[in-house]
Amino acid sequence: MFNLHLDNKSFIVRATVVLLFLALVLLGLSYAKPVLVPLLGATLLAFLVLPVVRKLNECCLPNWLSCLLGVLTVVLSGLVLFSFLWWQVISFIDDLPAMKTAVEVKKKEAFKYVEKEYHISRRQQNNWLQQKTDELWNSGSGSTMRFFSATGAAVATFLLIPIFMFFILLYRDKFRQFLQLLDPTNHDQIVEIFHRISLVAQHYVRGIAIVIMILTVLNTLGFLLLDLKYALLLGFLAAVLNVIPYVGVLIGSLLPVGIALVTKDSLMVAPGAFGVCVFVQFLENNFITPKIVGSSVNLNPFASMVAILTASVIWGLPGMILAIPMAGIFKVVCDYVVPLKPYGFLLGEEKDASPLRINAHKLLIWR
């Protein structure tokens, strides 16, 4: 009984230490968001253009020039995408007066319906709406400050990403040698881990880009069949938000449904727009993503959901986007490090752990 008491006490101490360590890690990640988010984003994009940089090196270009051209490829692609979005947004802004008139008409119709069905006078409805508008306006100053603060942080992040990308590509051999120096006895295993992480990042980012293009086409076609305005812009936004698993379709469907309610006389167009988003997500989950992205990250749905929720609490929307590839990279490390192999099995989709019990000398062992 005495030994059992000591074992329980030892377990409590170890559990307390682990929980404190996790709390400190999460706190550190939260405070380091301005640096870590652009650094991780730049790392993923650097892995994506790494094959291009290597090809340019083989063409006898200096390493710095190859890295610069790789970064410029990503920057120019981003500028083209931004120009397309800006062109669509300008068209949307030009139609705002007409949409405001349509909203007033819809509001009067809604007031009339509520007055007829629920016997609430229009004056009471107007007073309630004015009260809610005033409350929203009073809280708007703080929201506006938060918006401009978030916008400034986003601009700073986008400016840091190409800089980080360039140096990550430029010093990639130095980083690899640094990892090898940490444990010279497991040189080959460290090289293999580095190679696997590179493949995971490349496959995932490239696959997601292709999936977004396909979903944009499918969403746009669906919205065009409904004769919905701004079909291309709405289709692209819904496709991009679909990158966020599980909740992306709900967020991405809000704008098409809202546009349908404002611009269409028939109330059936709004459910139709939502149906397009749901149907496209069904195709994406069951056919498109498994075929294109496949099991590049090899995470089970439960681990993916926990990773997304945890990252969203720490880093917000950028965390939700980075959660899946980062968790997939962490699983690669777990699969190659003996003490972490149980966690890799827990995160993955493997049904049986017996094939994972590889001889210890084939894996990286932390001493």
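Every read-out reported here was derived from the displayed coordinates using simple, explicitly stated rules and does not represent laboratory data. Values in this document were obtained by computation on a predicted structure and should not be read as measured data. Don't worry about glycine lacking a Cβ; one is built from the backbone with ideal geometry, like all the others, and counts go over all protein chains shown.
At an R0 of 35 angstrom, the distance between the Cβ atoms of L309 and D265 translates into a FRET efficiency of 0.30.
The packing ranking of peptides 68-74, 276-282, 12-18, 25-31, highest mean first, is 276-282, 68-74, 25-31, 12-18, where packing means the average number of other beta carbon atoms within 10 angstrom of each residue. A straight chain from N126 to R54 at 0.36 nm per residue would run longer than the Cα-Cα distance by 19.4 nm. Applying D = kT/(6 pi eta Rh) to segment 210-347, where Rh is the Kirkwood radius over alpha-carbon pairs, T corresponds to 25 °C and eta to 0.890 mPa s, the Stokes-Einstein value obtained is 152 µm²/s. Each label point was placed 7 Å from the Cα along the Cα-to-Cβ direction; for F178 and A209 their separation is 2.6 nm. Listed by chain and number, the lysines whose alpha-carbon sits under 17 Å from that of K116, ignoring those within fewer than 8 places in the same chain, are K106, K107, K108. Computed extension length for A32-E117: 25.2 nm, one decimal, from 0.36 nm per residue of separation with the Cα-Cα distance subtracted. Taken along the Cα-to-beta-carbon direction at a fixed 7 Å, the label points for L76 and F92 span 2.8 nm. For segment 37-92 versus segment 212-273, the inter-centroid distance based on Cα atoms is 28 Å. For the pair L85 and S10, a Förster radius of 45 Å applied to the C-beta separation gives a FRET efficiency near 0.20, rounded to the nearest 0.05.
Note on K291: lysines with a C-alpha under 26 Å away, same-chain residues under 8 apart excluded, are K331, K351.
The stretch between N285 and K100, if pulled fully straight at 0.36 nm per residue, gains 62.9 nm over its current Cα-Cα span.
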